[in-house]
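The values are calculated or read from the model by the stated rules, or taken from the named source; none is laboratory data. Please read all numbers here as calculations on a predicted model, not as lab measurements. Neighbour counts run over all protein chains shown; Cβ positions are idealised from the backbone, glycine included.
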Amino acid sequence: MIRTEASTLGLDAVGIARLADDPELSARLAHFLSEKRHGDMDWMETHADRRSGPLKLWPEARSAIIFGQSYAPPDNPLDALAHRSNAAISVYAKGRDYHDVLKKKIKSFARSFAERSGADVKVFVDTAPLMEKPLAAKAGLGWQGKHTILVSRDHGNWLFLGIVLTTAELESDSNGALTDHCGSCRRCLDVCPTNAFPAPYQLDARRCIAYLTIEHKGHIAPEFRAPIGNRVFGCDDCAAVCPWNKFASTATEMRYAARPETDNPPLAELLALNDAAFRARFAGTPIKRTGRDRVVRNALIAAGNSGDRSLLGQIENLIGDNSALVRAMAIWASRRLANPAEAEALRERYQAQERDAEVAAEWTLPMEGFQPA
């Protein structure tokens with residue numbers, strides 16, 4: 001019934017795991033948090049005890065049914081990095097928010113399962129302190145690669161995950177947990193522009209471009225700005241280079257397909273967005289929850305890395321923006337693109353007007369390693 005329902009709902013993978021305490025997983029989480037590798041994602045530390053195992057979240061649960069749905073792209077997302085005047089948007093964020101699409105499907109399954117089994121169920125799609133990837137690995141959907149992403153033999157690195165916890169006593173998936181098939185390959189580690197992997201199977205979110213451009217609420221440190229390139233929302237590098245992607249077919253769920261407004265749009269369009277225009281453009285996508293100020297902050301970093309001096313006028317307009325995040329990166333981007341005389345003229349025009357000391361300091365930060373266009 002589980003597999004038939006999953007197929008009917010258009011879900012691409014399903015597995016079952018029996019629940020038990022996992023001291024090794026708890027220890028790995030504790031080490032991650034003790035090293036402060038979660039950055040300013042305070043919710044990870046706040047709910048660390050419940051996150052350490054599903055039974056801490058729901059003691060009555062006995063089994064987990066894990067579903068995967070492919071969002072594999074039709075082309076190589078790394079191709080977008082060559083088009084520096086356009087924003088590179090992560091594959092997962094180009095279509096409808098997967099939280100909405102996948103959760104609706106899994107809730108439909110959960111209702112049918114509860115009716116037929118008489119067991120209690122709870123549905124989770126990245127909305128609770130539950131570590132989905134280790135459960136998916138335990139259920140045989142794949143293994144966590146050296147980049148910590150779940151890798152599937154059939155779907156590569158492109159699976160959205162959703163979980164039903166239940167009080168039903170189910171047998172574990174017959175395939176069991178898959179063996180790690182990364183071997184000696186380290187493409188995912190070597191490709192990272194910001195060296196976010198302290199060691200294989202370890203991630204320091206504070207250095208991860210996905211974290212910096214999506215979750216991080218503050219100013220992005222100067223050392224990461226040039227390596228970000230034109231990645232405006234997320235980063236697919238470590239996932240996209242994985243050899244196992246050759247077995248993945250393009251996703252069949254059309255709601256995950258890229259929209260014109262999210263398909264690596266021109267930076268000029270993003271720099272022109274006010275809050276209302278931002279909300280209208282990205283309604284229903286994962287980008288909307290990050291908010292206009294952070295996305296424009298990221299677009300300004302991309303503009304500064306683009307070498308495209310035609311963006312200077314828009315960048316200058318944003319030096320007076322209401323958001324300190326935006327103003328700071330507008331200063332940085334203008335200095336990246338302007339010649340020395342232009343940069344000095346901009347500093348004289350705007351520095352004295354800035355009342356935020358951290359933003360004002362952007363006018364005097366060193367700009368090593370860059371030659372103006």
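Observations on the structure shown:
- Evaluation of Tyr71 against the conditions (1) more than 25 Å from Arg187 (Cβ to Cβ); (2) under 22 Å from the mean Cα position of the chain (by Cα) shows that the sole unmet condition is (1).
- When Cys182, Cys188 are screened for being at pLDDT 95 or above and in a helix (DSSP H, G or I), only Cys188 passes.
- Residue count for segment 11-50 satisfying the condition of being farther than 24 Å from Glu171 by Cα and of a type in the set (A, V, I, L, M, F, W, C): 9.
- Verdict on Asp49 being out of contact with any Pro (no Cβ under 7 Å at 6 or more places or on another chain), loosely packed, with under 12 Cβ neighbours inside 10 Å, acidic (Asp, Glu) and under 25 Å from Lys217 (Cα atoms): no
- Count of residues meeting criterion [under 23 Å from Leu29 (Cα atoms), part of a loop (DSSP other than H, G, I, E, B) and of a type outside the set (Val, Ile, Thr)] in segment 191-226: 12
- Unique residue being assigned to a loop (DSSP other than H, G, I, E, B) and under 23 Å from Arg255 (Cβ atoms) when the list is Gly39, Gly10: Gly10
- Filter result for Gly95 (out of contact with any Asp or Glu (no Cβ under 8 Å at 6 or more places or on another chain) and either over 26 Å from Cys238 (Cα atoms) or touching a residue at least 40 places away in the same chain (Cβ under 8 Å) (or both)): yes
- Answer residue from segment 58-90, given it is free of Cβ contacts under 8 Å to residues at least 12 places away in the same chain and outside any loop (DSSP other than H, G, I, E, B) and is farthest from Ile315 (Cα to Cα) among those: Asp79
- Condition met for Asp237 (out of contact with any helix residue (DSSP H, G or I) (no Cβ under 8 Å at 6 or more places or on another chain), at negative phi and charged (D, E, K, R)): no
Here's the yes/no breakdown for (1) modelled with pLDDT of 95 or more; (2) buried (at least 22 other Cβ atoms within 10 Å of the Cβ); (3) of a type in the set (A, V, I, L, M, F, W, C):
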| residue | (1), (2), (3) |
| --- | --- |
| Tyr92 | yes, no, no |
| Arg96 | yes, no, no |
| Phe109 | yes, yes, yes |
| Phe113 | yes, no, yes |
| Ser117 | yes, no, no |
| Thr127 | no, no, no |
| Leu130 | no, yes, yes |
